[in-house]
(Lines give C-alpha, C1' and ligand atoms only; values in the text may rest on other atoms or scores of the structure.)
Protein backbone atom coordinates (compact mmCIF):
# COMPACT_ATOMS: atom_id res chain seq x y z
CA UNK A 1 0.00 0.00 0.00
CA UNK A 2 1.34 3.45 -0.95
CA UNK A 3 0.67 6.43 1.32
CA UNK A 4 0.01 9.69 -0.53
CA UNK A 5 0.53 12.96 1.36
CA UNK A 6 -2.08 15.48 0.29
CA UNK A 7 -1.59 19.17 1.13
CA UNK A 8 -4.97 20.36 2.20
CA UNK A 9 -4.03 24.04 1.81
CA UNK A 10 -3.24 23.78 -1.91
CA UNK A 11 -6.05 24.16 -4.47
CA UNK A 12 -7.18 20.94 -5.95
CA UNK A 13 -6.39 22.13 -9.47
CA UNK A 14 -2.86 23.35 -8.66
CA UNK A 15 -0.18 21.29 -10.22
CA UNK A 16 3.56 21.74 -9.93
CA UNK A 17 5.12 22.71 -13.28
CA UNK A 18 7.53 20.14 -14.60
CA UNK A 19 11.15 20.86 -13.83
CA UNK A 20 13.41 21.37 -16.78
CA UNK A 21 16.71 19.60 -16.51
CA UNK A 22 19.82 21.18 -18.02
CA UNK A 23 19.84 18.67 -20.85
CA UNK A 24 16.27 19.58 -21.72
CA UNK A 25 17.29 23.20 -22.40
CA UNK A 26 19.28 22.16 -25.44
CA UNK A 27 16.29 21.25 -27.50
CA UNK A 28 12.89 20.77 -26.00
CA UNK A 29 10.04 20.29 -28.47
CA UNK A 30 8.46 23.59 -29.39
CA UNK A 31 11.29 25.72 -27.98
CA UNK A 32 12.70 28.54 -30.11
CA UNK A 33 16.42 28.98 -29.68
CA UNK A 34 17.80 32.50 -30.08
CA UNK A 35 21.48 32.87 -30.84
CA UNK A 36 23.81 35.37 -32.51
CA UNK A 37 24.55 33.90 -35.88
CA UNK A 38 26.21 35.49 -38.90
CA UNK A 39 23.75 37.56 -40.85
CA UNK A 40 21.39 38.02 -37.93
CA UNK A 41 19.79 41.48 -37.71
CA UNK A 42 21.34 43.71 -34.98
CA UNK A 43 19.18 44.63 -32.05
CA UNK A 44 17.72 48.09 -31.61
CA UNK A 45 20.52 49.20 -29.28
CA UNK A 46 23.19 48.36 -31.84
CA UNK A 47 21.23 50.20 -34.54
CA UNK A 48 20.92 53.25 -32.29
CA UNK A 49 24.65 53.23 -31.51
CA UNK A 50 25.49 53.01 -35.20
CA UNK A 51 23.19 55.90 -36.03
CA UNK A 52 24.64 58.08 -33.27
CA UNK A 53 28.20 57.38 -34.41
CA UNK A 54 27.28 58.33 -37.97
CA UNK A 55 25.77 61.62 -36.78
CA UNK A 56 28.90 62.27 -34.69
CA UNK A 57 31.11 61.66 -37.74
CA UNK A 58 29.08 64.15 -39.77
CA UNK A 59 29.39 66.70 -36.97
CA UNK A 60 33.14 66.13 -36.78
CA UNK A 61 33.43 66.61 -40.55
CA UNK A 62 31.61 69.94 -40.36
CA UNK A 63 33.79 71.11 -37.47
CA UNK A 64 36.93 70.11 -39.35
CA UNK A 65 35.90 72.42 -42.18
CA UNK A 66 35.61 75.41 -39.83
CA UNK A 67 38.70 77.66 -40.29
CA UNK A 68 39.26 78.23 -36.56
CA UNK A 69 39.10 74.52 -35.78
CA UNK A 70 41.43 73.68 -38.66
CA UNK A 71 43.90 76.34 -37.49
CA UNK A 72 43.86 75.00 -33.93
CA UNK A 73 44.45 71.44 -35.13
CA UNK A 74 47.39 72.59 -37.27
CA UNK A 75 48.88 74.54 -34.34
CA UNK A 76 48.62 71.50 -32.06
CA UNK A 77 50.27 69.30 -34.68
CA UNK A 78 53.19 71.71 -35.16
CA UNK A 79 53.64 72.22 -31.42
CA UNK A 80 53.80 68.45 -30.94
CA UNK A 81 56.42 68.30 -33.69
CA UNK A 82 58.51 70.82 -31.74
CA UNK A 83 58.26 68.68 -28.60
CA UNK A 84 59.34 65.60 -30.54
CA UNK A 85 62.30 67.48 -32.06
CA UNK A 86 63.47 68.77 -28.69
CA UNK A 87 63.20 65.34 -27.10
CA UNK A 88 65.09 63.58 -29.88
CA UNK A 89 67.86 66.21 -30.00
CA UNK A 90 68.21 66.16 -26.23
CA UNK A 91 68.49 62.36 -26.25
CA UNK A 92 71.22 62.57 -28.89
CA UNK A 93 73.18 65.13 -26.85
CA UNK A 94 72.90 63.08 -23.67
CA UNK A 95 74.00 59.96 -25.53
CA UNK A 96 77.13 61.62 -26.94
CA UNK A 97 78.31 64.02 -24.23
CA UNK A 98 76.25 62.94 -21.25
CA UNK A 99 79.43 62.30 -19.27
CA UNK A 100 80.29 66.01 -19.53
CA UNK A 101 76.94 67.81 -19.89
CA UNK A 102 73.52 66.52 -18.98
CA UNK A 103 70.36 68.01 -20.47
CA UNK A 104 67.00 67.74 -18.70
CA UNK A 105 63.55 68.71 -19.93
CA UNK A 106 60.40 70.08 -18.26
CA UNK A 107 57.29 70.36 -20.43
CA UNK A 108 54.28 72.51 -19.65
CA UNK A 109 51.14 73.26 -21.68
CA UNK A 110 48.81 76.23 -21.27
CA UNK A 111 46.29 75.65 -24.08
CA UNK A 112 46.19 73.87 -27.45
CA UNK A 113 49.23 74.79 -29.54
CA UNK A 114 50.97 76.58 -26.67
CA UNK A 115 53.83 74.65 -25.12
CA UNK A 116 56.82 75.64 -23.01
CA UNK A 117 59.85 73.37 -22.91
CA UNK A 118 62.27 74.18 -20.13
CA UNK A 119 65.81 72.92 -20.65
CA UNK A 120 68.28 72.48 -17.80
CA UNK A 121 71.93 71.89 -18.66
CA UNK A 122 74.16 70.58 -15.87
CA UNK A 123 77.95 70.48 -15.92
CA UNK A 124 78.85 66.97 -14.80
CA UNK A 125 82.38 68.11 -13.90
CA UNK A 126 81.03 70.97 -11.77
CA UNK A 127 77.39 70.23 -10.79
CA UNK A 128 76.95 73.73 -9.35
CA UNK A 129 77.36 75.16 -12.84
CA UNK A 130 74.01 75.11 -14.59
CA UNK A 131 72.11 76.83 -17.35
CA UNK A 132 68.35 77.19 -17.71
CA UNK A 133 66.64 78.18 -20.94
CA UNK A 134 63.33 77.45 -22.60
CA UNK A 135 61.59 77.08 -25.92
CA UNK A 136 57.98 78.11 -26.42
CA UNK A 137 55.38 77.74 -29.16
CA UNK A 138 52.61 80.28 -29.63
CA UNK A 139 49.89 80.42 -32.32
CA UNK A 140 49.43 83.91 -33.78
CA UNK A 141 46.79 84.51 -36.42
CA UNK A 142 47.58 81.83 -39.04
CA UNK A 143 51.16 81.28 -37.89
CA UNK A 144 53.06 79.44 -35.18
CA UNK A 145 55.94 81.27 -33.54
CA UNK A 146 58.83 79.40 -31.91
CA UNK A 147 60.75 81.54 -29.44
CA UNK A 148 63.60 81.01 -26.97
CA UNK A 149 64.15 82.50 -23.54
CA UNK A 150 67.80 82.32 -22.49
CA UNK A 151 69.43 84.33 -19.70
CA UNK A 152 66.37 86.57 -19.48
CA UNK A 153 66.37 87.46 -23.17
CA UNK A 154 63.60 86.37 -25.50
CA UNK A 155 64.26 85.86 -29.21
CA UNK A 156 62.25 84.44 -32.08
CA UNK A 157 63.76 81.32 -33.61
CA UNK A 158 61.20 80.56 -36.29
CA UNK A 159 57.83 81.63 -37.62
CA UNK A 160 55.85 79.31 -39.90
CA UNK A 161 52.44 79.30 -41.48
CA UNK A 162 50.05 76.82 -39.93
CA UNK A 163 49.25 75.32 -43.32
CA UNK A 164 52.75 75.54 -44.84
CA UNK A 165 53.96 72.27 -46.29
CA UNK A 166 57.51 72.60 -44.91
CA UNK A 167 56.53 74.02 -41.52
CA UNK A 168 57.51 70.94 -39.50
CA UNK A 169 60.91 70.67 -41.20
CA UNK A 170 61.70 74.34 -40.51
CA UNK A 171 60.70 74.04 -36.87
CA UNK A 172 62.77 70.88 -36.45
CA UNK A 173 65.82 72.55 -37.99
CA UNK A 174 65.47 75.55 -35.66
CA UNK A 175 65.12 73.30 -32.61
CA UNK A 176 68.12 71.15 -33.50
CA UNK A 177 70.30 74.22 -34.13
CA UNK A 178 69.36 75.80 -30.81
CA UNK A 179 69.75 72.71 -28.64
CA UNK A 180 72.99 71.55 -30.26
CA UNK A 181 74.65 74.98 -30.21
CA UNK A 182 73.51 75.66 -26.66
CA UNK A 183 74.85 72.32 -25.43
CA UNK A 184 78.09 72.81 -27.38
CA UNK A 185 78.79 76.26 -25.98
CA UNK A 186 77.90 75.14 -22.48
CA UNK A 187 80.13 72.07 -22.79
CA UNK A 188 82.97 74.32 -23.92
CA UNK A 189 83.18 75.72 -20.43
CA UNK A 190 82.74 72.40 -18.65
CA UNK A 191 84.55 72.23 -15.37
CA UNK A 192 84.85 76.00 -15.18
CA UNK A 193 83.57 78.28 -12.39
CA UNK A 194 79.90 78.86 -11.89
CA UNK A 195 80.27 82.48 -12.96
CA UNK A 196 80.98 81.30 -16.50
CA UNK A 197 77.44 80.08 -16.95
CA UNK A 198 76.12 83.40 -18.19
CA UNK A 199 78.70 83.54 -20.98
CA UNK A 200 78.09 79.96 -22.09
CA UNK A 201 75.20 80.84 -24.39
CA UNK A 202 74.62 84.09 -26.26
CA UNK A 203 71.28 84.44 -28.04
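The values are calculated or read from the model by the stated rules, or taken from the named source; none is laboratory data. Not measured: the values here are computed from a predicted model. Here the Cβ positions follow ideal geometry from the backbone for every residue, glycine too, while neighbour counts run over all protein chains shown.
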Check: So which of 119, 135 ends up being part of a strand (DSSP E or B), buried (at least 20 other Cβ atoms within 10 Å of the Cβ) and touching a residue at least 60 places away in the same chain (Cβ under 8 Å)?
Finding: 119
Notebook entry, point to check: Can you pull out the residues in the range 162-177 that are loosely packed, with under 15 Cβ neighbours inside 10 Å and touching a helix residue (DSSP H, G or I) at 6+ places or on another chain (Cβ under 8 Å)?
Noted result: 163
Margin query: Just to be sure before I move on: is residue 64 touching a helix residue (DSSP H, G or I) at 6+ places or on another chain (Cβ under 9 Å) and modelled with pLDDT under 80 in the structure I sent?
Written below: yes
Item checked: Qualifying residue in the range 87-110 (condition: without any contact (Cβ under 8 Å) to a residue 12 or more places away in the chain, under 16 Å from the mean Cα position of the chain (by Cα), more than 23 Å from residue 169 (Cα to Cα) and not in a helix (DSSP H, G or I)) -> yes
Notebook entry, point to check: Quick one: is residue 137 in contact with a helix residue (DSSP H, G or I) (Cβ under 7 Å, 6 or more places away or on another chain) and either farther than 30 Å from residue 68 by Cβ or modelled with pLDDT of 95 or more (or both)?
Noted result: yes
Next item on the list: Could you pull out the residue among 125, 146, 78 that is within 23 Å of residue 191 (Cβ to Cβ) and either over 23 Å from the mean Cα position of the chain (by Cα) or surrounded by 18 or more Cβ atoms within 10 Å (Cβ to Cβ) (or both)?
Entry: 125
